[in-house]
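See below for the structure under consideration.
The values are calculated or read from the model by the stated rules, or taken from the named source; none is laboratory data. Predicted model only: the values in this text are computed from it and were never measured. Don't worry about glycine lacking a Cβ; one is built from the backbone with ideal geometry, like all the others, and counts go over all protein chains shown. When the accessible area is computed, the model is the full protein with side chains, heavy atoms only, and any ligands, DNA or RNA have been set aside. Shrake-Rupley method; radii C 1.70, N 1.55, O 1.52, S 1.80 Å.
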Amino acid sequence: MDQEPVNRETVSTTTIAEPPRRAVSRRSTIIGSVIALLAVAGIGWLAWSLTHPDTPAAGAGGARPGASGASAGGGGGPGGGGAGGRAGGRGPATTVGVAIAERMEIPVVVDALGTVIPQASVRVRPQVSGVLQRVIYKEGQMVRKGELLAVIDPRQFEMTVQQAAGQRLRDEAQLAAARVTLERYRTLLGQDSIARQEVDTQAALVKQLEAAVVIAKANEGAARLNLSYTNITAPIAGRIGLRAVDVGNVVSTGDANGVALITQLSPIDVEFAIPQDQAVTLQQNVGAFMEVKAFDRTRTTVLDVGTFASLDNQIDTQTGTVRAKARFNNARQSLFPSQFVNVQLNMKTIRDAVVVPVAAVRQGPAGVYVFVLNDDRTVTQRTVTRGIATVDKVQIATGLQVGERVITEGADRLRDGSRVVLPGDAPGAGRPGGGRRMRGADGAASAAAGASLAPAAPVAPAASGAASGATAGPRARSAASAGSAPRGASAPVAGPAPAAAPAAAAPVAGPTPEQRQRMLESAKDDPEMLARRKAFLERLDKGDPAALERWAQMQQRRAEGGGRGEGRRAQPQ
């Protein structure tokens, strides 16, 4: 009973101790929120400064309070205001490929899949029945029209001809006797010695015999015709197919396979289908000459060249196409019946067309446009009208003139007004700060840059130390700017430049074998770039001052940008 108050007091003490903890947690939350807001603001400022490099450049490159003339004049060098010099434009220039708008003739062609069909294909069947006595042709032989192919046994047909001839001779003899008798009756009738009825009867008999003679001649002609059918000849000129019958077989007019199949190969036709949208244009140009080329299935070999022949009179509603036909001489026998070929019909030719590579034309929300290169190494986005396109060229109907340069490679990173660099330009030609960097070459920053670009050359200890100090200048300035030093104290950072002046006279070493190999391997897929790099390396080997200076600038630019690979290896140790 005595311990219960003590327990209550303990519980109350514990309860009283909780509020201070809650107050500490609230204070921590407020501090964490402030820190988080500051971090977000810092990240936003960093993102804005990276995406708008020209705005901070104006402050960095402008007149600073307390800045010395050395820091203002050497702003383009690595020891002074290199970062400010690089930020003076719209950002780093983009290396692009350029093509010139040309004037040329563009053929308007229609590609289709066609089938070779012969103008005539005849299956030779016998006209009379009989035993096949001879087969004269050879399989696959080219035959002429009227050439003998096979012979059927003609003996029974010769006998029929003789019978028909004998019947004709008999009828002719009877007709001659009846005509003599009729003349005698007419003489007796003139002497009034015979009745007129007998004369008329004899005249009718003469007419009957004349008709019999005509029938006999017709029978003889039919017999002779059947006899001629025993010699089977080629009805057309062409190539004969495989033999269907052999000697000794009985053939008749009802045989399905016949004796031979002849297909005409020269000239020959190709039937193909064209889209219904092109039917009107073809119909208007039917009377004109339109060239047609027949390619093999790989579209690499031209089998033959012909002309457009005819167009069908209706559209196939299932496919939306119209059948057309082209005719080829097929002198080389390169087209075979029922062969599938790729047809290219040249409908017309557009003359004096302004064309650019297909890669230069781009599609955007506002329509089709191209990037036009200006003389000041900036680009202008221009809306154009696209025309007929070929495999690698496209017609620009409106919006572009002959001789203007358009961007073909690297356009994904461009916008209207962007600066670009061409493959043949000198380093820094497309950057606004490049001129200041070259003009400041006679200052202390240029001497430090020359010392930092000779990694393989032997350098005196003092010069090496000066070069190391000059190379570390940007990092030292970054650290100084992050500290509490005033802004006017940034000028003395360029103090080591006089110490690095003796190293500027040191010869610039060329690329190492490893750097040479990487330069050549990176351009092995581009023959033009590979040739330029080989020529540049040859100039370095000969000691060309311009080439050595360009190599030094390349190495310095990589060192300043913190590049990988050759840039890091080129820095002095």
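Structure data summary
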| read-out | value |
| --- | --- |
| Mean accessible surface per residue for the range 243-350, computed with a 1.4 Å probe while every protein chain stays in place, in Å² | 56 Å² |
| Reach of LYS207 by Cα under 17 Å, taken over aspartates and glutamates that are not fewer than 8 positions away in the same chain | ASP171, GLU172, GLU183, GLU198 |
| Only Lys, Arg (+1) and Asp, Glu (-1) charged, at Cβ; the range 293-356 dipole about Cα centre in debye | 140 debye |
| Environment charge at ASP304 (Cβ cut-off 12 Å; Lys +1, Arg +1, Asp -1, Glu -1) | 0 |
| Percent accessible area from carbon and sulfur atoms, the range 177-299, protein chains only, probe 1.4 Å | 50 percent |
| Residue (of GLY417, LEU303, ALA389) at the positive-pole extreme of the range 284-440, dipole from beta-carbon charges | GLY417 |
| Pairwise label distance in nanometres, GLN401 with THR29, each label 7 Å out on the Cα-Cβ vector | 7.0 nm |
| Intensity falloff of the range 206-255 expressed as log10 I(q)/I(0), Debye formula with alpha-carbon point scatterers, at q = 0.14, 0.25, 0.27 Å⁻¹ | -0.61, -1.07, -1.12 |
| The range 122-161: mean projected area of Cα convex hull, nm² | 3.6 nm² |
| Semi-axis lengths, Å, the range 211-368, gyration tensor of Cα atoms, sqrt of 5 times eigenvalues | 52, 20, 15 |
| FRET E, pair GLN119, ARG299, Förster distance 35 Å, beta-carbon r, rounded to 0.05 | 0.85 |
| Dipole magnitude (debye, nearest 20) for the range 238-374, charges at Cβ of Lys, Arg, Asp, Glu | 380 debye |
| When each of LYS348/LYS393; LYS325/LYS348; LYS138/LYS293; LYS293/LYS325 is checked by Cα-Cα distance, pairs over 24 Å | LYS138/LYS293 |
| Exposure ranking of ILE152, ILE136 by accessible area [1.4 Å probe, largest first] | ILE136, ILE152 |
| Fraction of antiparallel bridges per DSSP, the range 243-350 only, in percent to nearest 5 | 100 percent |
